[in-house]
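Undergrad: Quick one: structure below, then a few questions.
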Amino acid sequence: MKLDRDELIHYLKTAMNLELDTVGDDESLFSSNLLDSFHMVELIQFIETKCEIRMTANDITMDNLDTVGSILSFSAARSNTSAASQ
C-alpha cells in the first residue's frame, strides 16, 4: 500500500506533535532536531504498517527518513518492490 503526502503530514502533526505548516518536503526532520530517535522508531512502525513492508537495518538511513520527500520516495519504492514480489 502506498503512503501519500497528506497521510504522512497528518501523522507527523498528530502523533509527533510536529508543526509542519512551515516545513517543506526537503527540510530535515531528524538532522535539524525537529524529531529525535524515539520519533524515528515510531515513524518506522508507521511506515511499515501503512505500506505493509518490513524495513531492514539498511533501510534506516537519513537518506530515506530525514525529509518528508525522502520518506515518500522510499515508501513508494519499497511498496512497488513489495507489490512486484507478490
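Undergrad: Out of the residues in region 5-41 that are of a type in the set (D, E, K, R) and surrounded by fewer than 13 Cβ atoms within 10 Å (Cβ to Cβ), state the one that is modelled with the lowest pLDDT.
TA: Step one: filter region 5-41 for residues of a type in the set (D, E, K, R), giving 5-7, 13, 19, 21, 25-27, 36.
This time we only want the ones that are surrounded by fewer than 13 Cβ atoms within 10 Å (Cβ to Cβ), so: 5-6, 19, 21, 26, 36.
Details: ARG5: 91, ASP6: 89, GLU19: 78, ASP21: 71, ASP26: 91, ASP36: 93.
The selected residue is ASP21.
Undergrad: Right, another one. Just to be sure before I move on: is ILE44 in contact with a Ser or Thr (Cβ under 8 Å, 6 or more places away or on another chain), surrounded by 13 or more Cβ atoms within 10 Å (Cβ to Cβ) and modelled with pLDDT of 90 or more in the structure I sent?
TA: Working: in contact with a Ser or Thr (Cβ under 8 Å, 6 or more places away or on another chain): no; surrounded by 13 or more Cβ atoms within 10 Å (Cβ to Cβ): yes; modelled with pLDDT of 90 or more: yes.
The answer is no for ILE44.
Undergrad: Read through the list (1) surrounded by 11 or more Cβ atoms within 10 Å (Cβ to Cβ); (2) without any contact (Cβ under 8 Å) to a residue 12 or more places away in the chain; (3) not β-branched (Val, Ile, Thr), then give the number of the only condition that GLU52 fails.
TA: The number of the failed condition is (2).
Undergrad: Then there is this: Which of the residues spanning region 12-43 are over 15 Å from VAL68 (Cβ atoms) and among the hydrophobic types (A, V, I, L, M, F, W, C)?
TA: Scanning region 12-43 gives PHE38, VAL41.
Undergrad: For region 35-73, give me the residue count where each residue is more than 15 Å from GLU7 (Cα to Cα), of a type in the set (A, V, I, L, M, F, W, C) and touching a helix residue (DSSP H, G or I) at 6+ places or on another chain (Cβ under 9 Å).
TA: Total satisfying the criteria: 7.
Undergrad: Here is a further query. Of all residues in region 1-26, which are more than 18 Å from CYS51 (Cβ to Cβ) and β-branched (Val, Ile, Thr)?
TA: Listed by number, the residues that qualify are THR14, THR22, VAL23.
Undergrad: Restricting to region 61-81, give me the number of residues that are surrounded by 15 or more Cβ atoms within 10 Å (Cβ to Cβ) and either free of Cβ contacts under 8 Å to residues at least 60 places away in the same chain or under 10 Å from the mean Cα position of the chain (by Cα) (or both). Quick ask: steps written out before the conclusion?
TA: Going through region 61-81, the residues surrounded by 15 or more Cβ atoms within 10 Å (Cβ to Cβ) turn out to be 64-68, 70-72, 74-75, 78-79.
Checking the rest, the ones that are also either free of Cβ contacts under 8 Å to residues at least 60 places away in the same chain or under 10 Å from the mean Cα position of the chain (by Cα) (or both) come to 64-68, 70-72, 74-75, 78.
So the answer is 11.
Undergrad: Would you please list the contacts, defined by Cβ atoms under 8 Å and residues six or more apart or on different chains, that run from a residue in region 9-34 that is closer than 13 Å to LEU72 by Cβ to a residue that is of a type in the set (Phe, Trp, Tyr)?
TA: Partner pairs satisfying both residue conditions: TYR11/PHE46.
The values are calculated or read from the model by the stated rules, or taken from the named source; none is laboratory data. Values in this document were obtained by computation on a predicted structure and should not be read as measured data. Positions of Cβ are backbone-derived with ideal geometry, glycine not excepted, and every protein chain shown enters the neighbour counts.
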